[in-house]
There are 2 protein chains.
Amino acid sequence: MINDIIFLLLKKGAHREPVRMTTSEIANAINKSQQTASRELIMLENEGLLERRKSTVKLTEKAVKQAENICIALRAALNAAGEIKFSGALVTGLKEGRYYLSQDGYVSQIKEKLGFSPFPGTLNIQIPASQIEKRLELRAREGIRIGGFESAGREFGPMKAYKCRINHTQAAIVFPERSHHGLNVLEIIAPLNLRTHLKIKDGDTVHCEVF
Amino acid sequence: MINDIIFLLLKKGAHREPVRMTTSEIANAINKSQQTASRELIMLENEGLLERRKSTVKLTEKAVKQAENICIALRAALNAAGEIKFSGALVTGLKEGRYYLSQDGYVSQIKEKLGFSPFPGTLNIQIPASQIEKRLELRAREGIRIGGFESAGREFGPMKAYKCRINHTQAAIVFPERSHHGLNVLEIIAPLNLRTHLKIKDGDTVHCEVF
DNA sequence: ATTACTAATTCACGAGTAA
DNA sequence: TTTACTCGTGAATTAGTAA
């Protein structure tokens, strides 16, 4: 899964700068013999995961990448558990949603991957700071990827979507990869105009349940 | 380090509800023989990391805690690289800081572990939503633990502290384990009255650099 | 001192199979 | 079916040393 020595070196900061550690010290730290530590270091070196220079060790970029991937996978697995619900006040956005959601590049993907044709416009929900951790948690989840594309010389970035219900109506939260909003605004897309359909206006509290 | 089977079960959501998986299926998923999977499951069961009931498996609280700790340690090690800086507006808190920081249980520990005698009062900095991710990152780091205690029949919870500089003056960020503040307020303690020392007032932008 | 080789040992693995 | 036992094999680990 993840190598003990790499984990140890990570904790010692060996991905930042070379760390002075003998094979015996490493062996001691991982509860193995000096011989095992020596052998493993040779193997890790051959795999290109670390570099040595007169009894200093430094992790390579490759090792860090590998550790990061494991970390992300673990986090996703651990979090994939709980239901996520938000509630916040309806606010008016910058009206760009209408423009983006009239781009066929987005529309066709949303139809295909989310199963509805989006109303041209986003609903913006301002969530309190207490829900921001949940927002980060959600974003760490797998989600549905809407790819970016180019159209009329302009570039449209990719985004991630999560199916949800807004006051019990089918919708989706979208996280554009390059968003103009801060962490406290959720952007919602839906097959119809939620404002008129749900009879809601700015300031009303809106509930959002991810599934 | 982290067990393949536990990782697999986590991905299958076995920490939420019992998951139906035979030893052969598990063996297949981790590229081992059915016999090895069986043996490992027995061992994990003996260690109290999972429970079985007619070919369903469920991870225990202990297993989840263990995985969480590994995840946090990994994240902390990986992130330990970058400097963390905050900047935000000085705000007035609930004035409880003064009360807490006159408790000898806290004062003596702060003297010992942070190396200064705290001015009785906290400085509260309101950070923008864009810095909340950094705040979570900081909290995932090791930090200096200030233990909880009881005094005069009242319970004082533990907290974590991180040495920092406020506008170049020595101080520390504290995270009470049970905080009244949301994620957007940082509480700072220092050896002197920072408001008068730095000549700052509510609304002024304050810079905080962790090291 | 430290590292890494070779040889001895131990322990993890999977085949076969019973329950 | 599935699970888990025994046991032979070999890979992983350590002891003993050389460099």
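What follows is calculated from the coordinates using simple rules that are stated; it is not laboratory data. All of these numbers come straight from a predicted model, not from anything done at the bench. Here the Cβ is made from the backbone with ideal geometry for all residues, glycine too, and neighbour counts use every protein chain on show.
With springs connecting C-alpha atoms under 10 Å apart, model chain A as a Gaussian network and identify which of A:F86, A:F175, A:F149 has the largest mean-square fluctuation.
Fluctuation is largest for A:F149.
Placing a label point 7 Å from Cα toward Cβ, how far apart in nm is B:E142 from its equivalents in the other copies, listed shortest first to one decimal?
Reported distances to equivalent positions: 3.7 nm.
Lys/Arg Cβ at +1, Asp/Glu Cβ at -1, dipole of the stretch A:107-199 taken about the Cα centre: which of A:F175, A:Q109, A:H197 is farthest positive-ward?
A:H197
Would you please calculate the Kirkwood hydrodynamic radius of the protein assembly as shown over all C-alpha pairs and express it in Å, rounded to one decimal?
25.1
Using only the alpha-carbon atoms, what does the stretch A:4-78 span along each of its principal axes? Please give whole angstrom values in decreasing order.
37, 23, 20
Kindly give the distances from B:K54 to its copy-mates, label point to label point, with each label point 7 Å from Cα along Cα→Cβ, as nm values to one decimal ordered shortest first.
6.9
Taking +1 at the Cβ of each Lys and Arg and -1 at the Cβ of each Asp and Glu, which of B:L74, B:I188, B:G93 sits farthest along the dipole of chain B towards its positive end, judged by Cα position relative to the Cα centre?
It is B:L74, whose Cα lies furthest towards the positive end.
Just tell me which lysines come within less than 19 Å, Cα to Cα, of B:K32; anything on the same chain fewer than 8 places away is out.
B:K11, B:K12
Please report, for B:E17, the nm distances (one decimal) from its label point, 7 Å out from Cα along the beta-carbon direction, to the equivalent points in the remaining copies, shortest first.
Those separations, rounded to one decimal, come out as 5.2 nm.
Could you give the size of the charge dipole of the stretch A:1-98 about its Cα centre, using +1 on the Cβ of each K and R and -1 on the Cβ of each D and E, expressed in debye and rounded to the nearest 20?
Details: 16 positive and 11 negative charges, 49 e Å.
That gives a dipole near 240 debye.
Which of A:M43, B:M21 has the fewest other C-beta atoms within 10 Å, and how do the rest follow up to the most?
Placing the least packed residue first, the sequence is A:M43, B:M21.
Using the beta-carbon distance between B:T56 and A:A76 and R0 = 22 Å, what value does 1/(1 + (r/R0)^6) give for FRET efficiency, to the nearest 0.05?
The value I calculate is 0.45.
Could you please report the charge total around B:A77, scoring K, R as +1 and D, E as -1 over all other residues with beta-carbon less than 10 angstrom from its beta-carbon?
+3
Can you give me the distance in nm between label points at A:S108 and A:E150, each placed 7 Å from the Cα along the Cα-to-Cβ direction?
Inter-label distance under the simple model: 1.7 nm.
Compute the orientation-averaged projected area for the stretch A:84-210 from the convex hull of its Cα atoms and round it to one decimal in nm².
Averaging across all directions leaves 7.0 nm² for the Cα convex hull.
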